[in-house]
Every structure is written in C-alpha cells, then in structure tokens.
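Enquirer: Provided herewith is a single structure, encoded as structure tokens, for subsequent inquiry.
Coordinate-derived values only; no laboratory data. Quick caveat, the model's predicted, so the values are computed rather than measured. Cβ sites come from the backbone with ideal geometry, for glycine too, and all protein chains shown count toward neighbours.
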Amino acid sequence: MIYRTPDALDFHLDHTPSLPRPRRVVLTTPTHFDIEYVINPHMSENVGTVNKEVAWQQWKAVRAAYTALDVPPVVVNGRPGLPDMVFCANQTLPFYDPASDTKGVVLSRMHSKHRADEVPYYAQFFEAKGYKVQSLSDGLDADFEGMGDALWHPGRHLLWGGYGYRTSLEAYEALDDLLEAPIVALRLVDPDYYHLDTCLCPLDADHALVAPEAFDDAGRALIDTLFETTIDVPDHEARNQFACNAHCPDGTHVLIQEGCTETNDRLRDHDFTPVELDTSEFLKAGGSVFCMKQMIW
Ligand code: ARG
C-alpha cells in the first residue's frame, strides 16, 4: 500500500513489523571519482574541480568513522568512466526479511544515462555475496535511484519513498508488490533537494532530521505524523552543507558534514552525538556521508 496523505494512514507505526538495523556498511573507493557532467544543481560550477588526493583522505576518514563505531566496512572498487560510482547508496535498495532470513537488493534504474552502467557492478557484487538480486519489471517505464530516494524507517518494515526528480512514483507501485511493506511517498519540490536523502534523515524510530523546504504540505504532514520528533534543519545547512545527508548507524552517533553548527546543537539537545566529517570534495557532486555508503544486513 502506498500512502500519500496523512488522512490515508490506516496503521500505527508500532504495529508495523520490526526490522533489525543493518550492521555492515558497503563503501566504494573514490579512485575514479570526479565531476565530468552536471546532473544536479550542486554540480554546475564544479566540473573538473575535484582534488583527488583530498577526496581520498576524506573517504578514508569516513571509512575509519564506521570502523570506530564497530560497523565493519566492505569495500567495492570504483571503476574508470563512472565518476559517481562512489555514491553507492544509489544503485540498489537492500532489503531483509527476518522471517525467512532472506537478504536481497532491488536494482535501481538510474534516471541519468551517465550513471546507468554503475548498476551491473553492484548486481555482480551482491550476487557473489548470495543476495537475492531483483529488478523492477521490464515493462515498467519508471526511474528508481535506490537508497538515494527510498529509506527504511529505522527498526520498522516501512519504506519512505521520495519522488519527482530521480525516482518516479510508479516505481513505488512496483516496489509495493516486491517488498510487501507500507510505502510512504513524499513528493520532492525543490531541485536542490533532488534525492530524499538530501532532505530527510531518519535517525531512529522516533527522530528524523528534516529540511522542510524540500516537501509539499502533505509530505511534511506525513513526516510529522509518523516520527514522534522531527528536528528541523536550517535551510542553509541542509542546502549548502548537506546536513540531512547525515547517517546514524546505531541510534546515537550521527556522521555529518563538518560545520553544521545549528544542526549539531539540535542533535545534542535530543541526546544524539554528532561525529563531524569533512566531505567537501563530495559535496561538489551533490553528496555527503549518507550517499557514500550502503548499509546491508
Ligand atoms: N552526482 C551524483 C548524482 O547526482 C550525486 C549522488 C549523491 N547521492 C545521493 N543519494 N544524494 O547522482
């Protein structure tokens, strides 16, 4: 079932099946990371400006942060000619069925042709690991960018689905059949917030960081209804520093772009611990911590 307005919600979050937190993280090396084309507004002034050495140091610091939090990294090698492959949240949506202990991924259908060839590398990677690898049906004319737009509610078998720029609403109809989870669809209305993970960051079952400007009224109301506490992020920190592209792997620590001062104060007010990381080279491409990783079961 796909929910698009708060009035339609016919379940209580506590009654949705529980879902354990994924405990391992996939990271892709930035060996071939660069800005070679413009497919989101953040990239427009930045073609050819990536400092490769700095990008490597920043990526290693992200890897070290996960290791320090006891989330073991599994590393995929970036490939030549695929400068955005480092953003490994986008090519798949991992899923887990606790009842049958089935681990799987749904493969993305990238909106931009520049990124389409990244997907088969992740398909091979997950196949080799024994995951069930699923595709959206051939006949479906819809884009889908994995965990750029589709986010699991922490601890619950409930999917948040952003659409409008990179993912089509129709993709969620197909996912509804594949995943048998309620899907809450949120229309994105501001091109700077082109993926859901740029404007909504579920921290734990009760809390989320939100950039309110990114959503329409129905979307904001859905988020307010299902999260007990929403923490609004100031627009300049969300838009320019990607404060909502943070990641909370354990319900306590929040890996976040360095310098999101007001967001960090608000996180501390709610007993979260910000872990600041400098991802400035990756911000040039329109991404930060959340999209530089993929959590898997
Ligand atoms: N340049 C990449 C793109 O536009 C950045 C992707 C960042 N990923 C994300 N989930 N926000 O596709």
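Enquirer: What percent does the relative contact order of region 1-89 come to when contacts are Cα pairs within less than 8 Å and at least six residues apart?
Expert: Relative CO of region 1-89 lands at 41 percent.
Enquirer: Same structure again: Once you have the alpha carbon radius of gyration of the chain, what is it after dividing by 2.2 N^0.38 Å, with N set to its residue count?
Expert: Numbers: Rg = 17.5 Å, N = 297, 2.2 N^0.38 = 19.1 Å.
Normalised Cα radius of gyration, the chain: 0.91.
Enquirer: So for the pair Asp141, Val54, with labels modelled 7 Å out along Cα→Cβ, what separation do we get in nm?
Expert: Label at Asp141, label at Val54, 4.4 nm between them.
Enquirer: Also, I was wondering about something else. Which residue, chosen from Ile35, His12, Val71, occupies the Cα position most advanced towards the positive end of the dipole of region 1-152, where the dipole is computed from +1 (Lys, Arg) and -1 (Asp, Glu) charges on Cβ about the Cα centre?
Expert: Farthest along the dipole direction, towards plus: Val71.
Enquirer: If you don't mind, another one. Given +1 on the Cβ of Lys and Arg, -1 on the Cβ of Asp and Glu, and no further charges, what dipole in debye does the chain carry about its Cα centre, rounded to the nearest 20?
Expert: That gives the chain a dipole magnitude of about 1120 debye.
Enquirer: How would you rank 76-86, 123-133, highest first, on the average number of other Cβ atoms within 10 Å across their residues?
Expert: Values: 76-86: 18.5, 123-133: 15.1.
Highest-to-lowest ranking by the protection proxy: 76-86, 123-133.
Enquirer: In whole Å, largest first, what are the principal axis extents of the Cα atoms in region 18-159?
Expert: The Cα atoms of region 18-159 stretch 48, 43, 27 Å along the principal axes, largest first.
Enquirer: Note the per residue figure in Å³ for the convex hull of the C-alpha positions in region 172-297.
Expert: So the per-residue Cα hull volume is 115 Å³.
Enquirer: Next question, about the same structure. Could you tell me which of rounded, prolate or oblate describes region 14-74, using a ≥ b ≥ c as the square roots of the eigenvalues of the alpha-carbon gyration tensor, with rounded for a/c under 1.5 and, failing that, prolate when a/b is larger than b/c and oblate otherwise?
Expert: Oblate shape, in that a/c is at least 1.5 and b/c is the bigger or equal ratio.
Enquirer: How high is the relative contact order of region 164-253, in percent, with contacts defined as C-alpha pairs under 8 Å that are six or more residues apart?
Expert: Once normalised by length, the contact order is 28 percent.
Enquirer: When the dipole is taken about the Cα centre of region 212-297, and only Lys, Arg (+1) and Asp, Glu (-1) are charged at their Cβ, what size is it in debye, to the nearest 20?
Expert: About 340 debye.
Enquirer: Now a separate question. Please give the charge dipole size of region 1-97, origin at the Cα centre, charges +1 on K and R Cβ atoms and -1 on D and E Cβ atoms. Round to the nearest 20 debye.
Expert: Numbers: 8 positive and 10 negative charges, 85 e Å.
About 400 debye.
Enquirer: Continuing with this model, one more query. Contact order normalised by length for the chain, with contacts defined as Cα pairs under 8 Å and 6 or more residues apart; what percent is it?
Expert: 23 percent
Enquirer: Mind jotting down the three principal axis lengths of region 107-240 based on Cα atoms? Whole angstrom, largest first.
Expert: Ordered largest first, region 107-240 gives principal extents of 40, 30, 25 Å.
Enquirer: Could you order peptides 11-17, 238-244 by the average number of other Cβ atoms within 10 Å of their residues, highest first?
Expert: Details: 11-17: 11.7, 238-244: 24.6.
Peptide ranking by packing, descending: 238-244, 11-17.
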